[in-house]
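Read the figures in this text as sums done on the coordinates, not as results from a lab. Treat the numbers as computed from the prediction; the structure is a model and nothing was measured. Counting neighbours? That spans all protein chains shown, and the Cβs are built from the backbone with ideal geometry, glycine included.
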Amino acid sequence: MLNRIKSELLNLGLKFISVDEKIVRMILETNPSNVNEIVILPAVKMVMQKILKKLQNKRIYGRVYNGELNNVKVSIIRSLIGAPNCAITVECLKRCKTKIIIRIDVCGGIENYERKINIGDILIPELAYCDDGTTPQYIREHPSLANDLDSISSPFVKFQNLLTGNQIVFISRPNLILKDLLINEGTLLFADKVKGDVNLWTTDALFCESLDFVRVLQSINIHGIDMESSVLFLLGALYNLKTSSILSVTDLPGDQNYDLLNSKEIHPGMENGIDYSIKVLIKALPKIKYSLL
């Protein structure tokens, strides 16, 4: 009886709000009006906590933390890990007044012949290869996207019999102005740490980054691996949201000493890289606000 009364009251309340507001309330646990135009989107808990320590005039609305960074109003929302979680969060943000989404988090670094990548480096990608499982679903639902995106045949086909997965890997890109602003400010602060215009590979399977996997990525000049940026960039293009990523390298897949899945060591520069990336973002925010809003 009590559950029936609760359901009837809930259904009564839902009659007075839009479907868009219902989605935001269900997932972000707040009203869409409580989300700012600029959203900072970490995935892992440590990065979220570090940013919140910098946030001034903090107010909490469900999963949304509002406040100011460098005198710029922002919302900070932890997307949680993976492309599906990131996509769900962006779906909420497109139903708010959000215009800019900046993913700040961690990634794996890939050493290759072109550029030396170290733990603690800051990667600001110019593109992401969509080898996750979420972006193909959006391309299936919105076929016109395929005409606007570059793509490659999966490089893994050359090295193994690909029984499943993405035979075609599409390429998504961040907002050019936003990406360049982050690179420029980052270079001024940490010229030796910032690696701009890098190639990123987005995957769902953290525990499938084998040595063979790394070698395939090295063969096509990949510099970093993450689990969210591809779908963020894709949905940015689809929903007219300005997006970019600034990522700190915390491990080196395939490296003898600092492969997350094999190493027992933590590199001393790992946490510094996260701190540096946060400083770059905070320094860039006023220019981002005045250039893009």
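Computed from point charges on the beta carbon alone (+1 for Lys and Arg, -1 for Asp and Glu), the dipole magnitude for the chain about its Cα centre is near 1420 Debye. Sorting the segments 109-120, 236-247, 57-68 by their residues' average number of neighbouring beta-carbon atoms within 10 angstrom, most packed first, yields 236-247, 109-120, 57-68. Across the options Cys92, Ile117, Leu281, the greatest Cα extent toward the positive end of the charge dipole of the chain (unit charges at beta carbon of Lys, Arg, Asp, Glu) belongs to Cys92.
Here is the tail figure for segment 32-292: Cα pairs spaced more than 33 Å apart come to 15 percent of all pairs.
Cross-link pairs exceeding 18 Å in C-alpha to C-alpha distance, out of Lys53/Lys283; Lys97/Lys289; Lys22/Lys94; Lys73/Lys99; Lys58/Lys179; Lys50/Lys94, comprise Lys58/Lys179; Lys50/Lys94.
Computed over the chain, relative contact order equals 24 percent, with contacts defined as Cα pairs under 8 Å that lie 6+ residues apart.
What are the aspartates and glutamates whose alpha-carbon lies under 17 Å from the alpha-carbon of Lys54, with same-chain residues fewer than 8 places away excluded? Qualifying aspartates and glutamates at Cα under 17 Å: Glu68, Asp105, Glu271, Asp275.
Taking label points 7 Å from Cα along the Cα-to-Cβ direction, Lys264 and Asn70 give a separation of 4.2 nm. For the chain, the 222 nm mean residue ellipticity estimated from helices alone, with every DSSP H stretch of n ≥ 4 adding -39500 (n - 2.57) and the total spread over all residues, rounds to -12000 deg cm²/dmol.
Annotation: for a label point projected 7 angstrom from Cα along Cα→Cβ of Lys283, no residues of segment 65-86 have a backbone N closer than 13 Å.
Within segment 141-282, the proportion of C-alpha pairs whose separation exceeds 21 Å stands at 51%. Rg then Dmax, both in Å and based on the Cα atoms of segment 168-235: 13.7, 38. Extending 7 Å from the Cα toward the beta-carbon at both Gln218 and Ala191 defines two label points whose distance is 3.0 nm. Cross-link partners of Lys279 among aspartates and glutamates, defined as those whose alpha carbon lies under 12 angstrom from its own and excluding same-chain residues fewer than eight positions apart: Glu185.
Averaging sequence separations of C-alpha pairs under 8 Å and six or more residues apart, then dividing by the length of segment 82-207, give the relative contact order as a whole percent.
Working: 124 pairs, mean separation 47.8, N = 126.
Result for segment 82-207 is 38 percent.
Could you rank the peptides 268-281, 20-33 by their average count of other C-beta atoms within 10 Å per residue, with the highest value first? Write out the running numbers ahead of the final one.
Details: 268-281: 19.5, 20-33: 16.2.
The packing order, highest mean first, is 268-281, 20-33.
Report the antiparallel proportion of the DSSP beta bridges in the chain as a percent, rounded to a multiple of 5. Roughly 45 percent of the DSSP beta bridges within the chain come out antiparallel.
Relative to the longest principal axis of the Cα atoms of the chain, the long axis of helix 83-93 lies at roughly 40 degrees. The slack in the chain from Ile60 to Leu149, taken as 0.36 nm per residue of separation less the alpha-carbon distance, amounts to 28.3 nm. Separation of segment 153-183 and segment 22-38 by C-alpha centroid, Å? Going from one Cα centre to the other spans 31 Å. Estimated from the Cβ-Cβ distance and a Förster radius of 25 angstrom, the FRET efficiency linking Leu293 and Lys22 is about 0.35.
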